[in-house]
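The block underneath contains the structure these notes are about, expressed in structure tokens.
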Amino acid sequence: MTSQEWLADYLEQGRPGEGPDAPDLASADSARRLRGLLADPDGWAEPPVGLLAQITATIDSERAGPAAGRDDSRRQIRMRRTVRAGAVALLAAAAVVISLVVTRGPATSDVVLAGTRLAPGASATAQLHTTPSGLAIELDVSGLPPSPPGSYYQAWMKGPRGLVTIGTFHLRGGPGTVELWSAVSLADYPAITVTREPEDGNPASSGQVVLTNRP
Amino acid sequence: MDEDGLADAFRTGSAEGVRAVYERYSGAVFTIALRVLGDRELAADAVQVTFLNAWRACGSLEPGRPMAPWLFTIARRAAIDLYRRRAHGPEPVEPRDDATITLPPSMECIWEAWQIRIALDMLTAEEREVVRAQHFAGLTHAQIAQQLAVPIGTVKSRSHRAHRRLASMLGHLAEVAA
């Protein structure tokens, strides 16, 4: 078996070969990393529809006159940013309403989480129930893709005293309700977030927030 | 269109040339922009800037010079420029966590992501569909067969062929020494 055949088998099956043909540990590590990258969502993302039309329009315009073309390009980018800024402002306003409800609400509350720029189509509702053992949280998630192999989602509560994890999940069985548990209260830890985490043994947050109830 | 034909078409600066290069490389440019910026909107800005800058600089693409590394340099620079502008600008960034990593990925990581994306885009649509379902969605061959409504043997042969091709295109990244 050649090294290329070994790599093809490893990429396909994820099982390192054994015996005299098996590569050394460093090579196996490289192959493992490469296989992990094939699951990376960024590696499969497609640019927005219509971008080519904007580019060719700017080129046509620039052919007509360089200064006009550059202005067009800047205007298109500015327009996209204005739309984006509007969306952020709406999210911020929604979060203010949510935080008012949460801080003034009863012990059992509903908290709405919005998708961030890392998961713009995602949303979730967290139903919080006070129990003798702690806070039971039912997180009803929609629009969040299953976490690829080698990664998972982690939920957190955050407040002035710090960050507390309240569970991990992957959604590979499809969208639905995730059961989370917290030993800290929403009053002390008012921010609820979900992050995307690599399976790298590092217990700290990756900072890649996909859902949040804060702007 | 082969790589030389693509570079020739682009070098003329024609709309057809730009379109052909966009179709071949826009996925890879978007991938590395996302890797650097972590934001689809900003990454789209970076793709736009990349292709416009490349078109403006197409005279510097010498005949016989491979196009992919040339475009990679322009794309990486566009993404890093936007990253720096965002870091210093008034626009709010992604909601931050205490442990948010703020450094852009290394040159090696970006180059690796670029080459992997190009290799994936070089697969046929059928091969790519199977590889995506297997690695991105985490499905088994049986599940893929069910999803695509094709016999499992077809999925296996497409998967086998696709991974052979990926190994041949990406072998240099894995540095496998059997």
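Residues of region B:39-54 being buried (at least 23 other Cβ atoms within 10 Å of the Cβ) and touching a residue at least 40 places away in the same chain (Cβ under 8 Å), which ones?
Once the filter is applied, which keeps residues that are buried (at least 23 other Cβ atoms within 10 Å of the Cβ) and touching a residue at least 40 places away in the same chain (Cβ under 8 Å), region B:39-54 yields B:Leu42, B:Ala54.
Considering A:Leu118, A:Leu139, A:Leu113, which residue is in a strand (DSSP E or B) and either within 23 Å of B:Asp39 (Cβ to Cβ) or in contact (Cβ under 8 Å) with a residue 60 or more places away in the chain (or both)?
Testing whether each residue is in a strand (DSSP E or B) and either within 23 Å of B:Asp39 (Cβ to Cβ) or in contact (Cβ under 8 Å) with a residue 60 or more places away in the chain (or both) leaves just A:Leu113.
As an exercise: evaluate B:Ile118 against (1) outside the structural domain of B:Arg77 (by TED's automatic domain parsing); (2) at pLDDT 90 or above and give the number of the one condition it does not meet.
(1)
Quick check on my filter: what residues within region B:45-71 are among the aliphatic types (A, V, I, L, M) and either touching a strand residue (DSSP E or B) at 6+ places or on another chain (Cβ under 8 Å) or assigned to a helix (DSSP H, G or I) (or both)?
Answer for region B:45-71, where residues must be among the aliphatic types (A, V, I, L, M) and either touching a strand residue (DSSP E or B) at 6+ places or on another chain (Cβ under 8 Å) or assigned to a helix (DSSP H, G or I) (or both): B:Ala46, B:Val47, B:Val49, B:Leu52, B:Ala54, B:Met67, B:Ala68, B:Leu71.
Looking at this structure, is B:Leu42 within 11 Å of another protein chain (Cβ to nearest Cβ), assigned to a helix (DSSP H, G or I) and farther than 15 Å from A:Leu52 by Cα?
Yes; evaluated as a whole, the condition is true for this residue.
The values are calculated or read from the model by the stated rules, or taken from the named source; none is laboratory data. All values derive from a computational prediction rather than experimental measurement. Heads up, the Cβs are rebuilt from the backbone with ideal geometry, glycines too, and the neighbour counts pull from every protein chain shown.
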